[in-house]
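The values are calculated or read from the model by the stated rules, or taken from the named source; none is laboratory data. Predicted model only: the values in this text are computed from it and were never measured. So basically every Cβ, Gly included, is an ideal-geometry build from the backbone, and we count neighbours across all protein chains shown.
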Amino acid sequence: MPEVRGSTGSPTVRRRELGALLRALRTERGLTVEQVAAQLLCSPSKVSRMETGHRGATARDIRDLCQIYGVTDSAQQNRLTRLAAAGKRQGWWQGYELDLFATYVGLEEEATALSYYQSSVVPGLMQIPGYVRAIHESNVPPNSAERIDELIEVRLTRQQLLTRNSPLQLSVVLDESALHRQVGGPAVMKEQLERLADIATWPNVKIQVLPFAAGAHAALESTFIILDFEDPAPSLVYVEGLMGFLYLERPQDLARYRGVFEQLHAKALTPQESRDLISAMGRKYGEIAQVAGLDQTDTAILSHVNGVDK
């Protein structure tokens with residue numbers, strides 16, 4: 001398996017860090033994207049994509065931009081050059097062909113904290129293999145068994161963020177519907193909720209269940225994650241849906257989603273109440289799985305007896 005983490009951190013975050021610095025230099029000089037593009041002899045979209053971290057910068061780009069912005073300090077020049085080089089390295093996740101989701105994994109890799117609202121399923125950072133498998137088997141078209149094994153490996157590698165040195169701080173508001181949706185069947189749900197209840201005791205994790213009784217709320221038709229990083233990498237909101245992925249970085253968007261998350265946090269059960277509910281649901285699934293297992297055993301015995309009678 002590829003190396004999980006390198007000394008330079010996530011190339012996705014390094015590109016965003018570089019972009020934030022380049023954007024600050026441009027605005028300090030009072031230049032527009034179009035004016036910089038004209039001096040670089042490139043399209044404005046290239047400059048914009050470098051500033052948003054969606055495109056890497058070459059050593060020549062950094063040299064030319066330093067000339068345009070009047071950056072003469074060698075330490076600052078070296079910092080920009082190192083960030084550009086780090087932004088072009090390969091992250092461990094880039095060998096798994098994750099398409100657009102690779103951007104999110106690269107961001108998550110170096111986040112210091114996640115504020116996560118999930119309306120329908122257990123968040124990926126806490127999913128067990130059986131749960132992951134059931135999700136991907138439901139895709140249209142369905143994934144191959146080999147591809148599902150790769151995706152499970154990605155999920156388990158991502159989960160190391162919660163147990164690394166200086167672990168990721170995770171705050172989750174989970175809609176109660178996720179506890180009732182039988183992904184993979186009762187036996188899988190029993191194991192999944194037992195795992196969820198265990199993770200809820202970890203010092204860097206806070207899980208709160210938003211009960212059905214909470215009624216309508218501001219995120220009723222949404223799922224989102226707020227990612228925070230060490231400075232100077234800016235925070236952002238990640239919104240995922242059937243039509244694709246959306247990243248929101250404007251201060252007003254961040255403020256709006258933080259406000260919504262605080263509202264959900266206030267409406268949700270306390271962490272202890274949530275853990276009690278999760279554990280109770282896990283026991284319920286265990287009872288259902290046991291009954292289903294007994295029924296299958298009785299059917300098998302009856303079939304065997306009927307076969308002998310014949």
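Within the stretch 247-291, if we keep just the residues that are under 23 Å from the mean Cα position of the chain (by Cα), in a helix (DSSP H, G or I) and among the acidic types (Asp, Glu), the residue that is farthest from Val172 (Cα to Cα) turns out to be Asp253.
Restricting to the stretch 204-223, name every residue that is part of a strand (DSSP E or B) and under 13 Å from Glu262 (Cα atoms). Quick ask: steps written out before the conclusion?
Step one: filter the stretch 204-223 for residues part of a strand (DSSP E or B), giving 205-210.
Of everything in the stretch 204-223, those that are part of a strand (DSSP E or B) and under 13 Å from Glu262 (Cα atoms) turn out to be Gln208, Leu210.
Within the stretch 124-156, the set of residues being surrounded by 18 or more Cβ atoms within 10 Å (Cβ to Cβ) and of a type in the set (S, T, N, Q) comprises Gln127 only.
For the stretch 158-169, a residue qualifies if it is crowded, with 18+ Cβ neighbours inside 10 Å and either assigned to a helix (DSSP H, G or I) or more than 17 Å from the chain's Cα centre (by Cα) (or both), and the qualifying residues are Arg158, Leu161. Being exposed (fewer than 14 other Cβ atoms within 10 Å of the Cβ) and either within 14 Å of Ser10 (Cβ to Cβ) or touching a Pro at 6+ places or on another chain (Cβ under 6 Å) (or both) is a property that Gln90 has. Residues in the stretch 22-39 that are more than 22 Å from Thr81 (Cβ to Cβ) and of a type outside the set (S, T, N, Q): 3 in all. Here Ala20, Ala57, Ala24 are screened, and the one residue that is within 29 Å of Ala113 (Cβ to Cβ), part of a loop (DSSP other than H, G, I, E, B) and either outside the structural domain of Val237 (by TED's automatic domain parsing) or touching a strand residue (DSSP E or B) at 6+ places or on another chain (Cβ under 7 Å) (or both) is Ala57. Just one residue in the set Val172, Val105, Val132 is within 13 Å of the chain's Cα centre (by Cα) and in a helix (DSSP H, G or I); that residue is Val105. Does Thr52 satisfy being out of contact with any His (no Cβ under 6 Å at 6 or more places or on another chain), in contact (Cβ under 8 Å) with a residue 12 or more places away in the chain, surrounded by fewer than 17 Cβ atoms within 10 Å (Cβ to Cβ) and over 15 Å from Ala233 (Cβ atoms)? Judged against the criteria, Thr52 is not a match.
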